[in-house]
Amino acid sequence: MKCNIAGLCLALAIFQAQAADRWIFASRVNVSGPPLAGVFHHLDGSGRRHIAVSGKSVAVVWEDNRSGAPQIYVTLKTLAQETFPAALAVSSGNEAYEPAIDAISGDRFVLAFEQDAAVFARILTTQGLAEPTRLSQAVASHVSIASFDRRVFASWRERENGRWFVKIAELRVANVNRLVIESLQSVETEGLETPVLFPVIAVNSAGLCVAWEDRRAGHTRLLFSHAGVAGTFSAPHSLNEFFSNRNEYDQGSGVTRLALSSFGQNEILAAWMDKRRGGSGYGIFAALGTDAGSMFGPNEKVHGEEGDKQPHNNPATAGNQAGDFAVAWDDFRRGDSDIWISAYDPGLEWSLDYAPPVASGSGEQTHPSITLDEQHNLHLLWIQRSNPDGPSQLWYSLGQTRQEQ
């Protein structure tokens, strides 16, 4: 931060510190039960959307191998309850991967997941799980889910006749909470010979934004496409800026694992892992989009200088209609892997990195997933291991704003 007036610099620094520490996190709550030898939990779905809040309920979805094969599980509790109940099995095939969750009205949630090379969605309520609906027609994976008002959308990648497509479906919640496909389209109708990976979707009153990892240029770029309320998607545009510090043959910095969230009335937050810092591994970069992602501003480094020489991994995003938004990730700057969070101070820059005490310290805390409710509280989910090769557990903590204390 550069400033000619010492007092102003001090005031801005104090404001940033307060912004970074804006949430007070409650004691952690065990989501998945005690660690079991050989059982590993994964929070690796497209956009890392594994936690959501609807009404007075919070729900968490993940994949683990407790049955001997990877399957999807979910648990739901009221915000007032101190513990999560036993998990429900979401998937029923041979193998299942990479779930996602979002909230809909009335303490209900919509889940999406891959099962046996197809993608499915189903509703979760306080009464249990409704019947699943198959969304894909051919081999498919990397599904994401998003909702706004009474509209629900899913995105995923699908391979037909040797070509890759980013698919978008609008879903309707029918009687008995069964999901019905209202419309289905491809972002690009011709498809690609090169893979597309981890498409993620966000929606608000201005329309839809879908973004993904794309290799048509011979290296991985992040592309995005926007659709207004009419639902016609634009031609893809680049999200990550070209960056090279090597030579004329350089194709730019590596990028991967994009996350999207809607915030405010019509804005979109995108965050991803980016290697433009050279030999220090991935950093976390972000861009802010307007009009539901019809255009994005410049790329911005999220984390502070303290962590610049360490790799940063597994970004997750969250936003709410009140206008709050934040990014979480994990890194080893203190020796062990901790969860870090940064929020934006409008008109200034990303706040100082903050490691919640409940998700830092001895052992490995990794793969955060976050959501923001309309009361400005941040709900945090993460994986913990006592050592890198040990069994894992899932933990949850509610970060309440200081004015709520």
At least 1 residues that are of a type in the set (Val, Ile, Thr) and surrounded by fewer than 15 Cβ atoms within 10 Å (Cβ to Cβ) in each: list the strands (runs of 3 or more DSSP E) lying fully within region 26-129 that qualify.
71-78
Among the candidates Ser54, Ser46, residue that is more than 24 Å from Thr256 (Cβ to Cβ) and among the small types (Gly, Ala, Ser):
Ser54
Within region 355-377, which residues are of a type in the set (A, V, I, L, M, F, W, C), surrounded by fewer than 22 Cβ atoms within 10 Å (Cβ to Cβ) and either closer than 11 Å to Trp329 by Cβ or modelled with pLDDT under 95 (or both)?
Ala355
Among residues of region 164-183 being buried (at least 17 other Cβ atoms within 10 Å of the Cβ) and not hydrophobic (A, V, I, L, M, F, W, C), the residue farthest from Arg122 (Cα to Cα) is Lys167
Taking the options Ser136, Ser141, name whichever one is in a strand (DSSP E or B), polar (S, T, N, Q), farther than 22 Å from Ile268 by Cβ and in contact with a strand residue (DSSP E or B) (Cβ under 9 Å, 6 or more places away or on another chain).
Ser141
Among what's in region 184-204 and is among the β-branched types (Val, Ile, Thr) and out of contact with any Phe, Trp or Tyr (no Cβ under 6 Å at 6 or more places or on another chain), pick the residue that is surrounded by the fewest Cβ atoms within 10 Å (Cβ to Cβ).
Thr189
Inspect region 101-112 for any residue being modelled with pLDDT under 95 and among the hydroxyl-bearing types (Ser, Thr, Tyr) and give the result as yes or no.
yes
Being of a type in the set (Gly, Ala, Ser), part of a loop (DSSP other than H, G, I, E, B), over 22 Å from Leu222 (Cα atoms) and in contact (Cβ under 8 Å) with a residue 60 or more places away in the chain narrows it down to one residue among Gly335, Gly323; which is it?
Gly323
Strands (runs of 3 or more DSSP E) wholly inside region 253-306 that include at least 2 residues being within 19 Å of Arg333 (Cβ to Cβ) and not β-branched (Val, Ile, Thr):
267-274, 283-290
Val152 being under 18 Å from the mean Cα position of the chain (by Cα) and at pLDDT 95 or above:
yes
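The values are calculated or read from the model by the stated rules, or taken from the named source; none is laboratory data. What you see is a predicted model; the values in this text were computed from it and never measured. Counting neighbours? That spans all protein chains shown, and the Cβs are built from the backbone with ideal geometry, glycine included.
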